[in-house]
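Here is the structure we will look at, set down as structure tokens.
Readers should treat all values here as calculations from the given coordinates under stated rules, not as data from a laboratory. Keep in mind that what you see is a predicted model, and the values were worked out from it rather than measured. Neighbour counts run over all protein chains shown; Cβ positions are idealised from the backbone, glycine included.
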Amino acid sequence: MTSPFDDARWFPVDLHVPDREFRFLPIDEGVLERSTFLDNRIDAQLDSATPVPLAAIPPQLPAGRLGWLFHTSFCCSTLLARALHLAPNQVVLKEPLLLRRLGDARHSGWPVDDFLRPVVGLLARPWSAAGSVVIKPTHAALNIAADLMRTTPGSRALLLTSSVEDFVVSNIKKAPETQSRIPELAERALRTCTLAARLPPAALAPPDLLCAAALQWAAQRELGADLLRAFGNATLRTLDASQLLGDPVGVARVANAWLGEPQLDTALRARAAAVSTRNAKATAVPYDGKQRERDVMSIRQRFEAPVGRALAWYERHVAPSMSAAARDLPAMAPLGAP
């Protein structure tokens with residue numbers, strides 16, 4: 001006998017950890033395509049969701065091939081996620097709210113162990129017979145990345161990141177509301193990784209937001225290095241955003257061979273070529289690598305002095321305390337290596 005939980009389209013759109021309660025909505029592939037993220041920005045009526053207690057989730061759920069696309073902030077992960085999305089045969093779930101809720105709960109001290117298996121089981125349900133799923137958690141859920149991988153033995157993961165300079169420059173482009181969260185995100189990553197105990201006092205008191213962004217970058221890179229030490233390159237591979245931007249189709253094909261279904265290569269090439277010409281977070285807007293290069297160059301020229309100060313502060317106060325694996329993360333387990 002089948003149940004509604006057998007269908008991936010009966011989708012868990014939210015989770016209240018203290019009340020141990022999910023919220024479900026029926027959605028389709030169109031919602032996945034239209035939604036920039038599957039958090040509170042999902043293209044669905046969240047206020048119409050049906051409450052379902054944790055205890056009602058079946059212990060056994062349909063499962064297929066599963067991959068994880070972890071990432072630090074502002075490294076073009078949404079572009080890669082869109083390139084890999086070949087619904088219904090291969091579905092990429094972009095930042096489902098459930099994982100943000102678990103990351104927030106962990107950060108606040110709530111126990112999350114009871115939720116890991118049902119949350120992952122629900123998200124990993126295939127959308128077609130023999131289909132595969134790639135899950136891209138928000139960077140704010142890096143604090144539960146190791147838990148997610150331990151919950152899914154046999155799955156593979158890719159960690160996408162960027163250089164500290166690219167990260168600092170990207171933060172300049174963000175809205176004031178996003179920039180205001182930089183110190184909180186830095187503290188969140190520092191609490192989880194091994195870097196905080198090694199940092200000098202000056203590193204924990206960044207003088208401005210761009211310096212705080214550099215600290216956030218370092219802490220997230222250290223989280224990635226911790227993850228790599230725990231699971232090794234047989235399970236986890238690393239990638240720098242510059243490689244993706246330099247060859248979006250080629251890199252997407254290699255990422256698909258690692259995470260997804262290699263037999264979908266022909267469809268994936270066409271998909272990756274198409275999405276690489278659009279803004280990944282506003283797909284109606286034309287945008288490609290050349291336009292991005294022009295935008296980045298303009299920002300670097302306009303903000304040369306504050307960017308330079310932030311990078312100098314990082315090199316003096318933060319970089320010496322980072323592990324070699326964190327500093328050189330993309331080279332530690334490169335995607336495509338044997």
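Take every DSSP beta bridge whose two residues both sit in the chain; close to 40 percent of them are antiparallel. For the stretch 241-309 versus the stretch 64-134, the inter-centroid distance based on Cα atoms is 20 Å. A simple spin-label model places the labels of Glu29 and Gln179 4.1 nm from each other, with each point 7 Å out along Cα-to-Cβ.
Axis of helix 209-231 versus longest Cα principal axis of the chain: the two differ by about 50°, to the nearest ten degrees. For helix 182-192, report the angle its Cα long axis makes with the longest principal axis of the Cα atoms of the chain; keep it between 0 and 90° and round to the nearest 10°. With rounding to tens, the tilt is 70 degrees. Kirkwood radius, the stretch 12-73, all distinct C-alpha pairs, inverse of mean reciprocal distance: 13.6 Å.
Among rounded, prolate and oblate, which fits the stretch 81-189 when a ≥ b ≥ c are the square roots of the eigenvalues of its C-alpha gyration tensor, a/c under 1.5 means rounded, and a/b larger than b/c means prolate? Oblate shape, in that a/c is at least 1.5 and b/c is the bigger or equal ratio. Using alpha carbons only, how many degrees (0 to 90, rounded to 10) separate the axis of helix 97-108 from the longest principal axis of the chain? It works out to around 60 degrees. Relative to the current alpha-carbon distance between Ala331 and Asp6, full extension at 0.36 nm per residue lengthens the span by 113.0 nm. Put simply, when 252-258, 108-114 are sorted by average Cβ atoms within 10 angstrom per residue, most first, you get 252-258, 108-114. Would the stretch 181-338 count as rounded, prolate or oblate if I go by the C-alpha gyration tensor, calling it rounded below 1.5 in a/c and otherwise prolate when a/b exceeds b/c, oblate otherwise? Oblate shape, in that a/c is at least 1.5 and b/c is the bigger or equal ratio.
Provide the three semi-axes, in whole Å and in decreasing order, of the ellipsoid equivalent to the chain as defined by the square roots of 5 times the Cα gyration tensor eigenvalues.
Its equivalent ellipsoid spans semi-axes of 32, 23, 19 Å.
Placing R0 at 22 angstrom, the Cβ-Cβ distance between Ala257 and Arg292 gives a FRET efficiency of 0.30 after rounding to 0.05.
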